[in-house]
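**Student:** Can you read through this structure? Questions will come right after.
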Amino acid sequence: MNIAQGHSSRAHSPQADHTAAHPAAALARHLDAILAPLVLLVAARFRILGDLTLPVWTRLSRARQRIAALLGHLAAGRLPLPRAPLPASPGAARKGGPPPAYIPRRRAWLVHALGHEAAAYASQLEAALRDPAAPAIIAASPGTARTLRRLCRLLGVAAPQFLAPPPTPRPLAPPPRPSPQPSRFPAAAPHAAPPVPLARPPRPLRAAPILPAFRLS
């Protein structure tokens, strides 16, 4: 067997065929067929987008790569690792680095900027999310759900229920405070009025001394 035949046999292995036939791989190909021309459209309309061209092109390109990687791992049976917790403050992860590029957060702003061309890709994304296999696939890949939520907002697509973020867990109630131990000494009444001092009794009067009588001669 020559090298070409060896590569061909590995490329058409049963595992590769199984991965390509997985519903997650089919959804990945469907989404890539939407995002790839959308990325090219953003680059071609740089006169309309102006300074937003590069940030939007970067975000869409990364979203395309992330969806392809996550759904590819899912099709191959390799579940992604849990996501690391976010830093406590918004700027903690970018301390000392350049600020993130500004991209409008208004819903469907890209469709308003590019018109019917972007609206066509929004309709295709909405149709892809109506695939009956999509809810089960997205449920197994939370990272894909987060990326698709951002794309839906960018294009003004009504996100289906299976893309909704998980509910935030409620904080645990604090444990009950222990009851105070009884004291050996009686506690003073709170806010008790100070005792009124007793009036001093009057001093008894001393009798005047009796002087001897003197006769006048």
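**Student:** Taking A108 as meeting all but one of (1) on the phi > 0 side of the Ramachandran plot; (2) at pLDDT 95 or above, write down the number of the exception.
**Tutor:** Condition (2) is where A108 drops out.
**Student:** A follow-up question, please. Those residues that are in contact with a helix residue (DSSP H, G or I) (Cβ under 7 Å, 6 or more places away or on another chain) and free of Cβ contacts under 8 Å to residues at least 60 places away in the same chain, I need them from the range 43-55; list them, please.
**Tutor:** Within the range 43-55, A43, F46, T53 meet the criteria.
**Student:** Return a yes/no flag: does the range 143-165 have any residue that is at pLDDT below 95, over 19 Å from the mean Cα position of the chain (by Cα), under 25 Å from L40 (Cα atoms) and exposed (fewer than 14 other Cβ atoms within 10 Å of the Cβ).
**Tutor:** Scanning the range 143-165, I find at least one residue that is at pLDDT below 95, over 19 Å from the mean Cα position of the chain (by Cα), under 25 Å from L40 (Cα atoms) and exposed (fewer than 14 other Cβ atoms within 10 Å of the Cβ), so the answer is yes.
**Student:** Working only within the range 106-126, note down all residues that are more than 27 Å from the chain's Cα centre (by Cα) and in a helix (DSSP H, G or I).
**Tutor:** Narrowing the range 106-126 to residues more than 27 Å from the chain's Cα centre (by Cα): 112-121, 123-124.
If the condition is that a residue be more than 27 Å from the chain's Cα centre (by Cα) and in a helix (DSSP H, G or I), then H112, A113, L114, H116, E117, A118, A119, A120, Y121, S123, Q124 are the ones that fit.
**Student:** Suppose we filter the range 127-142 for residues that are buried (at least 20 other Cβ atoms within 10 Å of the Cβ) and in a helix (DSSP H, G or I); how many remain?
**Tutor:** 4
The values are calculated or read from the model by the stated rules, or taken from the named source; none is laboratory data. All figures in this text were calculated on a predicted structure; none of them were measured in a lab. Glycine gets a Cβ as well: all are built from the backbone with ideal geometry, and neighbour counts include every protein chain shown.
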